[in-house]
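Quick note: the coordinates plus some simple rules give every number you see, no bench work behind them. All figures in this text were calculated on a predicted structure; none of them were measured in a lab. Every residue, glycine among them, receives a Cβ derived from its backbone with ideal geometry; neighbour counts consider all protein chains shown.
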Amino acid sequence: MKKILVTTVAAMMAAAPAMAELVFPSLSYRTGPFAASGIPFADGYADYFTLLNERDGGIGGEMVNVIECETAYNTEKGVECYEATKDQGALLYQPLSTGITYQLIPKATADGIPMHTMGYGRTSAKNGKVFSNVFNYPVNYWDGASVGIKHFKEVAGGSLKGKKITLLHFNGAYGKEPIPTLEKLAEIEGFEFNAIPIDYPGQEQKSQWLQIRRERPDFVLFWGWGVMNQVAVQEAANVRFPMENFMGIWWSGAEQDVLPAGDGANGYKALQFHNVGSDFPVFGDIQKYVVDAGKAAGAGDQIGTVLYNRGVYAAFLAAEAAKDAQAANGTSSITPAMMRDAMEALEITGAEMAAAGLPNFGPEFKVTCENHGGDGMAAVAQWDASAKKWNLISDFVASDASVVGPLIEADSAAYAAENNIEERCN
Amino acid sequence: MLYREAGDFKTSYAKDNQTFPIKFDRVGYYVALIVAFLVIPFVINDYWANAILLPFLIYAIAALGLNILVGYCGQVSLGTGGFMAVGAYASYKLMTAFPDVSIFFHVILSGGVTAIVCVLFGLPSLRIKGFYLAVATLAAQFFLVWLFNRVPWFYNYSASGQINAPERTVFGIEVTGPNAEAWATYLFSLVFLVASALIARNLTRGMAGRKWMAIRDMDIAAEIIGVSPLKAKISAFAVSGFFVGISGALFFAVYLGAAEAGDSFGITKSFLVLFMIIIGGLGSIFGSFAGAAFLVLLPVVLKVVGVDWLGWPTDIVAHLQLVIVGGLIIMFLILEPHGLAQLWRVTKQKLRLWPFPH
């Protein structure tokens, strides 16, 4: 026992903060049932920072240090990872898990470290007046629900009255998040809404799909992750559910989710908040400076896949904020507080994306003190099984702010009341 | 040489029956208490509290509770995760409904609520035993998690079904919420652990414990000599539920701060606590501590050695961890089925004779 304690203490001394570098912890999951989705994202996140180090010598002359910590999508391990990395100068946390996000929101706020939950996490964190240190730009789940319903409305010919829409979702914080919006939308649009939960990890969905077969909903929205996605797409194909009426959120729309179902997955739709494909200059650079140099975080075979791209996009947004922070403070070694301020003033323009080798990769947006969530733009992508490719079939459209806005107000006000938080930005 | 009872004379029954009859043990126990209460709070930091000490203290309480049921009374339970969830949700409802009452009482009341639920699910134990009882408690596990996911009243109708611990204080010092200091959360949990261990120790060596053990060893014989199986089994479920509920409340309120039934209190939690008492030692208070320490520390140590020292990829270390923990469990079951507690007992026997074994 004593020996164990001694070794642990020694290890913590060894892991003492290394100054003068920009630390971006990556709470990744490369194990467990959600690893299939966690690995490409973690690879993309790490590879983009490696690219900046190798090609540009870091950000503003400071090398970037990505500390990876395995969470296995487990909240306890996530908390342990946070505690283990926060004293090493962590500038920003991106836990890629809504459950861990809920754990870390109060902790990170108390420690003054910003968090970026890109397209996941607590939706009402968009309200910067209440959530000072949490950002969820450029889009959140409620935007996703709204855009998805908009698309269904278009498909149905302009009205959803009398239609049945089912939400098939992961029975956890992540999957339950869109329910309030969908209930509200059901009232407004006049469709019948019901939610079918899938318990973690979701390798078995026979009963859920039996229920869908029995109830014959017109459209199915899907909030799944990891192995759950492949199973759902496969089951949908098995019960011959019309794939074009089955739509996943952006976390249920990657190559590995649809490939196992083969031709059966053809026509499956998913929302996206950034572009798909490997047709961007940055990927050439990653291939040259990172993969060919043997410095890739993973096997280097994920480049251009949806989730790898998303990891790159997350890293790109973090790097842009870090650059802004350096420029605003006139110093290259920034603190988490400077990072937070820069994120709150972040503006992503087409020129910036092009300069980073990601032209037209995502929507242009601007973060303000009141709005930490961007404009909520999302597009619909469809899977082409013969070409094995995702294609965007719609433009980036904004969510219905008149529906999402009041819900965000109400939820963040409840959080503020529970935790005695005074509104900022006044 | 140091460790022996020679010259340590007992002149009263009380002294003869004390928990640590050997002076060396007794001194060690007091030193451990002094270190735990008076030294660690001054040197503790967030990492030590949240990654190592808090999980250890809280799992030790859960292991104590389960050990009473499984180790002392012989009733196999796979519902620990569900019962911890009862404690957590009870404390959440109490904390939000009665914000002015001290969290201290909320935690104890949560234990009480869990005891009642545990007794309800323990009723089948009067008719069924062994594997069949394990399956019945497994049903409790799944039912309770389903219930907390399904009924919005339990999570105050929040959008995501998460429960968040609001800030609560003891004597004006915050022990829950993000601004709670590491030492405060540590001391708060430590008080509960020490109290639980004292209660458990005194219950198990008294009349109640003897009845439990009689039921465990042979229920028919126990019934013949006048032990009521109803009272013995139900009381074991109640006491076990009380401790498990306290640990669930602390786990949610003090350690995690936010929780969700399926994620934090799933079936893996039930198995983890069961492994703790199997590795630590069934029917032993010390075993509950040793098992909790072992299974909390081992992953952290493996991670520190693998990732921070050797620089291996995180996924390989995570997979290795599963292999090593699994291997160790099998090794323990083969080499020392009575767990770390028996290992400690054997060591003590050897130490008494050392250095002159003959």
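Which of the listed residues, A:Ala110, A:Gly99, B:Ile278, is farthest toward the dipole's positive end in the protein assembly as shown, when Lys, Arg count +1 and Asp, Glu count -1 at the beta-carbon?
In the protein assembly as shown, that residue is B:Ile278.
Taking the Cα-to-Cβ direction at B:Glu336 and at B:Asp25 and moving 7 Å from each Cα, how far apart do the two end points lie in nm?
For B:Glu336 paired with B:Asp25, the spin-label model returns 1.6 nm.
Take the alpha carbon atoms of the range B:25-93, find their center, do the same for the range A:322-376, and report the distance between the two centers in whole angstrom.
Taking the Cα centre of the range A:322-376 as reference, the centre of the range B:25-93 is 45 Å away.
Taking each residue of A:106-113 in turn, how many C-beta atoms of other protein chains fall within 10 Å of its C-beta, and what is the average?
Neighbouring Cβ atoms belonging to other protein chains average 3 per residue here.
In deg cm²/dmol and to the nearest 500, what is the mean residue ellipticity at 222 nm of chain B if only DSSP H runs of at least 4 residues count, each as -39500 (n - 2.57), divided by the residue total?
So the calculated ellipticity at 222 nm is -20500 deg cm²/dmol.
Could you size up the charge dipole of the range B:10-152 around its Cα centre, putting +1 on the beta carbon of Lys and Arg and -1 on that of Asp and Glu, and report it in debye to the nearest 20?
400
Note down the relative contact order for the range B:1-105 as a percent, whole number, built from C-alpha pairs under 8 angstrom at least six residues apart.
Reported as a whole number, the value is 12 percent.
If you take the Cα Rg of the range B:1-72 and divide it by 2.2 N^0.38 Å, with N the number of residues, what do you get?
1.51
What aspartates and glutamates sit close enough to A:Lys86 to cross-link, taking a C-alpha to C-alpha distance under 13 Å and skipping anything fewer than 8 places away on the same chain?
Here the aspartates and glutamates satisfying the reach criterion relative to A:Lys86 are A:Glu68, A:Asp111, B:Asp46.
Relative contact order for chain B using alpha-carbon pairs under 8 Å, separation at least 6, rounded to a whole percent?
29
What dipole magnitude, in Debye to the nearest 20, does the protein assembly as shown give about its Cα centre under +1 on Lys/Arg Cβ and -1 on Asp/Glu Cβ?
3780
List the pairs from A:Lys126/B:Lys269; A:Lys77/A:Lys129; A:Lys288/A:Lys323; A:Lys163/A:Lys206 whose alpha-carbon separation is above 28 Å, in the order I gave them.
Violating the 28 Å limit, Cα to Cα: A:Lys126/B:Lys269; A:Lys77/A:Lys129.
Could you point to the residue in A:Val130, A:Val233, B:Ile234 farthest towards the positive end of the protein assembly as shown's charge dipole, with +1 and -1 charges on the Cβ of Lys/Arg and Asp/Glu respectively?
B:Ile234
Roughly how many nanometres apart are two label points built 7 Å out from the Cα toward the Cβ at B:Val170 and B:Leu343?
For the pair B:Val170/B:Leu343, the computed spacing is 3.1 nm.
If you take the charge dipole of the range B:48-353 about its Cα centre, with +1 on Lys and Arg Cβ and -1 on Asp and Glu Cβ, which of B:Thr176, B:Gly87, B:Ala115 is farthest toward its positive end?
Projecting each Cα onto the dipole axis, the largest value belongs to B:Ala115.
Considering only B:Val239, B:Val301, B:Val175, give the residue with the highest GNM mean-square fluctuation for chain B, with springs between Cα atoms whenever their separation is below 10 Å.
B:Val301
Which FRET efficiency value, to the nearest 0.05, is calculated for A:Thr331 and A:Asp87 with the Förster distance at 22 angstrom and r the Cβ-Cβ distance?
Efficiency, from the Cβ-Cβ distance: 0.60.
If you find the alpha carbon centre of the range B:258-295 and of the range A:378-409, how far apart are they in angstrom?
Their Cα centres are 44 Å away from one another.
How large are Rg and Dmax for chain B when only the alpha carbon atoms are used, in Å?
Reported Rg and Dmax, both Å: 21.0, 70.
How large is the charge dipole for chain B, taken about the Cα centre, if only the Cβ atoms of Lys, Arg (+1) and Asp, Glu (-1) carry charge, to the nearest 20 debye?
1200
When only C-alpha pairs under 8 Å and at least 6 residues apart count, what is the relative contact order of chain A, in percent?
Normalised by residue count, the contact order of chain A is 21 percent.
Hull surface divided by four, with the convex hull built on the Cα atoms of chain A: how many nm²?
Mean projected area for chain A: 21.3 nm², to one decimal.
Under a GNM of chain A (C-alpha, springs under 10 Å), which listed residue has the highest mean-square fluctuation: A:Gly284, A:Gly373, A:Gly148?
Residue with maximal mean-square fluctuation among A:Gly284, A:Gly373, A:Gly148: A:Gly284.
Go ahead and estimate [θ] at 222 nm for chain A from helices alone: -39,500 (n - 2.57) per DSSP H run with n ≥ 4, summed, over the residue count, rounded to 500.
-12500 deg cm²/dmol
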